[in-house]
Amino acid sequence: MSAKLFVQAILKFTLGVVLVGLLIFLPAGTFAFPAGWLLMTILFVPMFLAGIVMMCRNPDLLRSRLNAREKQGEQQLVVKLSGLMFLVGFILAGLDFRFGWLPMPKTVSIAGAAAFLIAYGLYAEVLRENTYLSRTIEVQENQKVIDTGLYGIVRHPMYSATVLLFLSMPLVLGSLISLVIFLAYPFLIAQRIKHEEAFLEKELAGYRAYKEKVKYRLIPYVW
């Protein structure tokens, strides 16, 4: 573990906390937004703990995820649209709480938090199974196809986990309006998967055979 990596990770983590906090609480007009604090807690506490684990056990994976920059034009557009989705979704959730447009029961927020934590667990398992994981579409040196565990069920379990993660966020915040915005994510990720698989078929040995073995991309028996 290097001091440079530690500082970089802490700075990015702190920036994320501040940015998400501003996007949620500023539109809400108050810090007395319990659902906002719930989301901040279940989002950043596991993230912090996961970062510590990666820093101690697999600093190269942490470094690659911190420094990832998408190079392909199609994927850059997906990343930008996803960022816009988060921006609009969080702001609308804060405004929804502030003005009481379409309030949802507290039980929805609790159920959303449970779904979020389950998705976080699935995401952690994917990281454990596949040390080649990157935030960008690329093939690393000596990379092999992973076809066991969650990868034996769907071809993109990381994206399956993120779909559940992101769709549960507006539920945690108790905002139906925000949920409508976040429903764009499955369509964005489907577009990303389309280009990613075309790339992997060309660049990763054994990927075509893997596609024949594991039929579903994102959701078992659906797609």
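Throughout, read-outs are computed from the coordinates displayed, never taken from laboratory work. Treat the numbers as computed from the prediction; the structure is a model and nothing was measured. Positions of Cβ are backbone-derived with ideal geometry, glycine not excepted, and every protein chain shown enters the neighbour counts.
Taking the C-alpha atoms only, the angle from helix 73-99 to the longest principal axis of the chain is near 20 degrees. Entry note, the chain: relative contact order of 27 percent, from Cα contacts under 8 Å with a spacing of 6+ residues. Summing +1 for each Lys or Arg and -1 for each Asp or Glu among the other residues whose beta-carbon sits under 15 angstrom from that of I24 gives 0.
Which of the listed residues, P46, F187, L95, is farthest toward the dipole's positive end in the chain, when Lys, Arg count +1 and Asp, Glu count -1 at the beta-carbon? My answer, from the dipole projection, is P46.
Exposure proxy shown here: for T14, T162, the number of other Cβ atoms within 10 Å sets the order, fewest to most, as T14, T162.
Hey, if you put +1 on the Cβ of every Lys and Arg and -1 on every Asp and Glu Cβ in the chain, which of L11, L84, L117 ends up farthest toward the positive end of that dipole? Toward the positive end, the furthest listed residue is L11.
When you count the other C-beta atoms within 10 angstrom of each residue and take the mean per peptide, 15-23, 168-176, 90-98, 148-156 line up highest first as 168-176, 90-98, 148-156, 15-23. Taken about its Cα centre, region 96-223 carries a charge dipole of roughly 220 debye when the Cβ of each Lys and Arg holds +1 and the Cβ of each Asp and Glu holds -1. Taking 0.36 nm per residue of separation and subtracting the Cα-Cα distance, full extension of the segment from L22 to D147 would add 40.9 nm. What you get for the chain, charging only the Cβ of Lys and Arg (+1) and of Asp and Glu (-1), is a dipole of about 120 debye around the Cα centre.
Each of N58, L165, L204 was scored by the projection of its Cα onto the charge dipole of the chain, and the greatest displacement toward the positive side belongs to N58; charges sit on the C-beta of Lys, Arg, Asp and Glu. The dipole here belongs to region 1-126: it is taken about the Cα centre, uses +1 on the Cβ of Lys and Arg and -1 on the Cβ of Asp and Glu, and is about 300 debye. Across the alpha-carbon atoms of the chain, the computed radius of gyration and Dmax are 18.2, 54 angstrom. Taking every lysine pair in region 3-213 that is 8 or more places apart or spans two chains, those with Cα atoms closer than 15 Å amount to 7.
Other residues within the sphere of radius under 13 Å centred on the Cβ of G206, judged by their own Cβ, net out at +2 (K and R +1, D and E -1).
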